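Worksheet: the structure to be examined is printed underneath.
The values are calculated or read from the model by the stated rules, or taken from the named source; none is laboratory data. Since the model is a prediction, treat every value here as computed from it, not as a measurement. Using ideal geometry, Cβ is built from the backbone for each residue, glycine included, and neighbour counts are taken over all protein chains shown. Calculation scope for accessible area: heavy atoms of the full protein, side chains included, ligands and nucleic acids excluded. Shrake-Rupley method; radii C 1.70, N 1.55, O 1.52, S 1.80 Å.
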Amino acid sequence: MLNSVRSRLTLWYAAVLTCTLLLLSLVIYWIVKRSVMTRTDAGLVELSDSFLATLEAELNDAPISEGVVPAAQQSMLEHQYPGHAFAVLTSSSQLLVSSSDLSGSTNTAAQTAPNPKISQEILQACLATLRATPDRPFRSLTGHHGGARCYARTFSAAHHFYQLVILASLHPESELLERLRVAMGWLIPFTIVLASAGGYFLARRSLAPVADMTARADRIGESTLHDRLAVQNPSDELGHLSATFNRLLDRLDLAFERQRRFIADASHELRTPLAILQGESEVALSQPDRPPAEYRESLSVLQHEAKRLGRIVEDMFTLSRADAGQLPITVSEIYLDELAAECVHSVRTLAAAKSISLSLESHGEAPVLADESLLMRMLLNLLDNAIKYTPAGGKVTVTTSHSAAGPQLSVADNGPGIPSEFQPRIFERFFRADQARSRANSGGGAGLGLSIAQWIAEAHHGKLELTRSGPAGTVFTVRLPAATAASPDSSSNTL
């Protein structure tokens, strides 16, 4: 049962509620008991004042020769209250008179509450409290029917000092506290059981969406990634959880869709060179006797398509390793302007074949901390793309510069440009804005060059973007952040 979240929440709630109710009950019981004792003490003080006032009046009316005892007895008769007892003692603690010596006092008091019994031990205990704490001469005495509360004070009468002791039965107070204990003894367990049942119901109702989410998530598979969890209340925690899980499913669905499209595009791109290889080999082998020139032509076609197939596979392998984070990037201090000059020199033959003017504009040194081979591959992809789609007699310009924002490189051509509707998708894998032209072009790639170039720029915490494209030409710009720029003391590291 403890494996259920509902049960654990209910047990925890019941435990906390039990501790809270017990603590609250103890506090309430202590407050009530203290209040009762305070009221009892105030009543004893008031009763003693009334008794002494009556005693003084009796002494004024009686002859002096009678002494204090008759006046004290008359005052006790006038203050016969249920559950109370009086005693008057000399200053040397000798008992003069007590209410228990009066006839008929016990029967009257016993009708409602038993009168406390006066004994020498009780009187001495009360007087000891008076001597120990004269500012608070109260003391609780244990006994039957809840015990008693005693109060002692010193007074003067007839030019002598006496001591007054009043005992009040705590039977009514003990009955009140007993009823309070019984009420709490029934109320606390009932409240705990009722609250636990309600807490379990609320926990079950609140966690019902979790069970529904679990069932729905369990039914979602590769073929049902379009299904989403129901969001009952977007503002609560479960609503946030459902929304977060739905966003996760969106990302998974997009990843699966990209994977399916990647596989479909890869299969489509690989099918063409494989079909050419198969067709050329079948033609070459269809006739046993063919001129050497025809065999050479077939082998040339096979070699070209094999190279194209190798480039596609190599690009796909590079992207897959990059996506998996398995492509190591070793950085060192290089100069972007020197790297650009080397790349321009490498593609001069391709540009010359189409009579394209290839130039480099360098605005000062551009030191950078990067992987030289990857940056070279990125720049060669951009140059290959520019030369491929620049018409014969056109112009391709590579520009490098360095500023406070960091090093920058741009590749510009004066080709026909990229249609505006295709510009947001040019960095997608296997995407080509002009499919017919790409296939007609013998050097046509698979549409992975810009994707690889963008990944290389992002791997160096930079950005590759299409700055401009139109009838006047196209410009791609690579921006590397200033943090990537190399310092004179930079050394080789691995990103």
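Based on Cβ point charges of +1 for Lys and Arg and -1 for Asp and Glu, what charge dipole magnitude is obtained for the chain about its Cα centre, in debye rounded to the nearest 20?
Working: 43 positive and 50 negative charges, 192 e Å.
Here the chain has a charge dipole of around 920 debye.
Of all beta bridges that DSSP places with both ends in the chain, some 90 percent have antiparallel geometry. Would you compute, from DSSP H runs of 4+ residues alone, the mean residue ellipticity of the chain at 222 nm, taking -39500 (n - 2.57) per run and dividing by the full residue count, rounded to the nearest 500? Using -39500 (n - 2.57) per qualifying helix, the result is -18500 deg cm²/dmol. How much of residue 27 can a 1.4 Å solvent probe reach, expressed as accessible area in Å² and rounded to 10? Only protein atoms counted, so the area is about 70 Å². Free of any trypsin sites (Lys or Arg not before Pro) that DSSP assigns to a loop and that have at most 16 other C-beta atoms within 10 Å, the longest stretch within the chain is 355-495. Summed over the residues of the chain and divided among them, the accessible surface reaches 57 Å² per residue at a probe radius of 1.4 Å.
At 37 °C and a viscosity of 0.692 mPa s, what translational diffusion coefficient does Stokes-Einstein give for the chain, taking Rh as the Kirkwood radius over Cα pairs? Give it in µm²/s as a whole number. Write down the numbers at each step before the final one.
Working: Rh = 33.8 Å.
Value of D from the Cα-based Kirkwood radius: 97 µm²/s.
When only the Cβ of Lys, Arg, Asp and Glu is charged (+1, +1, -1, -1), the dipole of the range 15-100 relative to its Cα centre reaches about 680 debye. Would you mind calculating the relative contact order of the range 306-370 from Cα pairs under 8 angstrom and at least 6 residues apart, reporting the percent as a whole number? Answer for the range 306-370 is 42 percent. Contact order for the chain, expressed relative to its length and based on alpha carbon pairs under 8 Å spaced 6+ residues apart, stands at 10 percent. Cα centroid separation, the range 191-255 to the range 154-175: 73 Å.
Shown for the chain: the carbon plus sulfur share of the solvent-accessible area, taken with all protein chains present and a 1.4 angstrom probe, equals 58%. Counting lysine pairs in the chain that sit 8 or more residues apart in sequence, or on different chains, and whose Cα atoms lie under 25 Å apart gives 7. When only Cα pairs below 8 angstrom with a gap of at least 6 residues are kept, the range 185-254 shows a relative contact order of 24 percent.
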